[in-house]
1. Could you tell me which numbered condition ALA372 fails, if it satisfies all but one of (1) buried (at least 20 other Cβ atoms within 10 Å of the Cβ); (2) farther than 30 Å from LEU136 by Cα?
2. Given the conditions (1) in contact (Cβ under 8 Å) with a residue 60 or more places away in the chain; (2) farther than 21 Å from PHE163 by Cα, report the number of the one that PHE94 does not fulfil.
3. Any residue in region 236-246 that is of a type outside the set (A, V, I, L, M, F, W, C), closer than 28 Å to GLN344 by Cα and not in a strand (DSSP E or B)?
4. Just give me the residues in region 261-292 being of a type in the set (Asp, Glu) and buried (at least 16 other Cβ atoms within 10 Å of the Cβ), in sequence order.
5. Of the residues in region 220-247, how many are farther than 21 Å from PRO290 by Cα and β-branched (Val, Ile, Thr)?
6. Got a number for residues in region 157-196 being exposed (fewer than 15 other Cβ atoms within 10 Å of the Cβ) and free of Cβ contacts under 8 Å to residues at least 24 places away in the same chain?
7. All but one of (1) assigned to a helix (DSSP H, G or I); (2) surrounded by 15 or more Cβ atoms within 10 Å (Cβ to Cβ) hold for ASN383; which doesn't?
8. Could you check, for region 134-156, whether at least one of its residues is under 21 Å from VAL313 (Cβ atoms) and without any contact (Cβ under 8 Å) to a residue 24 or more places away in the chain?
Amino acid sequence: MNRRSDGFRVEALFPNFHNESGVSYTLKSILEAIATDTLEVGATVASTDVKNTYVHGVINRYLYKYLVPRFRSPMQSVFRSACRRLHAGDVAYFWLESPADECEYFRTRGILVVREMINCTLQLRRQELNKAYAALGARDPTECSDAMIEQQRRDLLAADLIFCPNPFVRKSVVEYGVPIERCIETSYGWSADRLGTDTRILTESRLFTAAFVGSIDVRKGVPTLLEAWARANIKGRLLLAGNLSPEVQRLYAPILRRSDVVQLGFVRDVGAVYRSADVFCFPTWEEGGPQVTLEAMACGAVPIVTPMGTAGVFSAADDVGIVISPGDIAALSDALCLLASDGQKLNQMKHRSRECANEYTWEKVGRRRREALVRFREQWLRNSSGQERHE
């Protein structure tokens, strides 16, 4: 990925361990999808076990777990290392956090500052989690203080451009006071390589099958899903793939013990789960751009999701999936019953889900992101040049 003289570099700053899973898989997918002969990419990460020429780890991977607790801020170490690879006209691409001071330093050097916003703002996250726990008659145990929200607001205001992977993320960022023209609405994607070929997590069955993939917790709406499944009383099975939170285990043990609820634990081959499912249920309260929804659709599972669970790629009017309000047990139960009882409609929606997902492969998502970045950078360069002439 060499840069020609008329190109520029995008260097991601990622203050975590990079192993090409989870968020670092998303980072890898985006960087490799936007790279061209004239757009060189790189990633400066806290540590890595990936042998890739464009990935630069700051801390030895064998020492990472021992040394990282001593670092006041891993991002500062990542920042110092990344500075050596960035020059005027390049792009500093912050992930997970974008400290205002570091952003300002890059801007003074003529480097465009971009932030990837993988979730909604802390302010909106707190609002939605308060609702989620209130529905259970409990108090949100997560810590999201006013000071944390204000710090995030300052950091986002310091960025030149923010990638927002769904409309709710963009709206939450704009509510912080960030100009809307700095917020690029985009999406995440999916890869056939990650989903495998034709394996299934369970043997063939005529039973109607619903699946959930992700953290089995309150934020992802699992209490709504479990209650809706019990209420629907469908002759079928519900697959739960992911790590089970202690609070869901405690509150919903009777439903989790049912014979039609299959706990799979952590599953590496997620494609095998999706291909076993007729529908994909993701009644999440707060998200960025859930790739699980896109992956499930690509495998032919019909999404039954909340607006944030749509990954920003379809609406209720598109008839690609069924969109319910977060916490609406009755609506989710009705949606499950409808698709379990109407095979023709189920098959029609499976076809439309696949067609919709085909527009969101990483290759297509990368092209759209690259085009948006290039357009913004060109305008930024013109504005910077005009300002210098004026001064």
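1. Of (1) buried (at least 20 other Cβ atoms within 10 Å of the Cβ); (2) farther than 30 Å from LEU136 by Cα, only one is false for ALA372: (1).
2. (2)
3. No, region 236-246 has no match at all.
4. ASP278, GLU286, GLU287
5. Result for region 220-247: 1.
6. 4
7. Single failed check for ASN383: (2).
8. Kept after step one, since they are under 21 Å from VAL313 (Cβ atoms), are these residues of region 134-156: none.
For region 134-156, residues under 21 Å from VAL313 (Cβ atoms) and without any contact (Cβ under 8 Å) to a residue 24 or more places away in the chain: absent.
The values are calculated or read from the model by the stated rules, or taken from the named source; none is laboratory data. For clarity, every value in this text was computed on a predicted model and none was experimentally measured. FYI the Cβ positions are ideal-geometry reconstructions off the backbone, even for glycines, and counts take in every protein chain you see.
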